[in-house]
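Step one of this worksheet: look at the structure below.
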Amino acid sequence: MRLYSPVAIDFPQAITVAVVGLGVNLLCAWLLRDDHTHHHHGHDHRHAHDHDDDRHVHHHPAATDNNLRAAYLHVLADALTSVLAIAALILGSLYGWNWMDPAMGIVGGLVIARWSWGLMRDTGAVLLDYLPPHEDLPQEIRDIIESDGDEIVDLHVWQLGPGHHGAIVSVRSPAPLTVAAYKAKLSAIHDLSHITVEVQAA
């Protein structure tokens, strides 16, 4: 409706508000930038729980980068819309192009929708325990466990957070080792932060 029936705009006031908004958004983006690019900062907490022959060791990541990414994209989207609004308002004040304001709003909405789709796709993959086909972690686990003649009969690997994965490994062996021994073997894989091992005698 604004494209067909542009409304009167107080350009000096609107430009001032947009510039102030852009400054606030850039400040927020700068504050989030360090957390977004260094999401491993913080404290890791490890808790050991003994359950009969199984021990679970948890390494909780300091933060999930999708949460930080969402916040970061949010302020970047606000900054983008502020830039588009400033450009539209300046052109409108100079040439009387009042239609530029709603047009830039549509452009900003399309860009934000594109960013949002990528974020939803990535977070959905985490929620569904999706592991990309190029991820070689399952093969690393098999190479380590099956190198001494043991057999992995069930293996489930999923992402806990950036650089952190969990794994459930079911091992069958004619001469089974202890759960602790298998976990010690897998400790060489730094991306494994949570390991559950089940041992079956062949």
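Below are the figures for this structure:
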quantity	calculated
Residue match in the stretch 152-165 (condition: in a helix (DSSP H, G or I) and touching a His at 6+ places or on another chain (Cβ under 8 Å))	no
Val107 vs. criteria over 30 Å from Leu80 (Cβ atoms), modelled with pLDDT of 90 or more and not in a loop (DSSP other than H, G, I, E, B)	no
Residues within the stretch 86-95 that are more than 15 Å from Leu3 (Cβ to Cβ), without any contact (Cβ under 8 Å) to a residue 60 or more places away in the chain and small (Gly, Ala, Ser), tallied	1
Test: residue in the stretch 15-35 that is of a type outside the set (A, V, I, L, M, F, W, C), within 16 Å of the chain's Cα centre (by Cα), modelled with pLDDT under 80 and closer than 26 Å to Val197 by Cβ	no
Qualifying position, being out of contact with any Lys or Arg (no Cβ under 6 Å at 6 or more places or on another chain), assigned by TED's automatic domain parsing to the domain that holds Asn66 and at positive phi, among Gly149, Gly118, Gly96	Gly96
Members of the stretch 187-202 that are touching a strand residue (DSSP E or B) at 6+ places or on another chain (Cβ under 8 Å), under 11 Å from Val157 (Cβ atoms) and outside any strand (DSSP E or B)	Asp191
Options Ile168, Ile112, Ile141; residue that is in a helix (DSSP H, G or I), within 20 Å of Ala188 (Cα to Cα) and aliphatic (A, V, I, L, M)	Ile141
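The values are calculated or read from the model by the stated rules, or taken from the named source; none is laboratory data. Predicted, not measured: the structure shown is a model, and the values here were computed from it. When we count neighbours, we look across all protein chains shown, and the Cβ atoms used for this are built from the backbone with ideal geometry, even at glycine.
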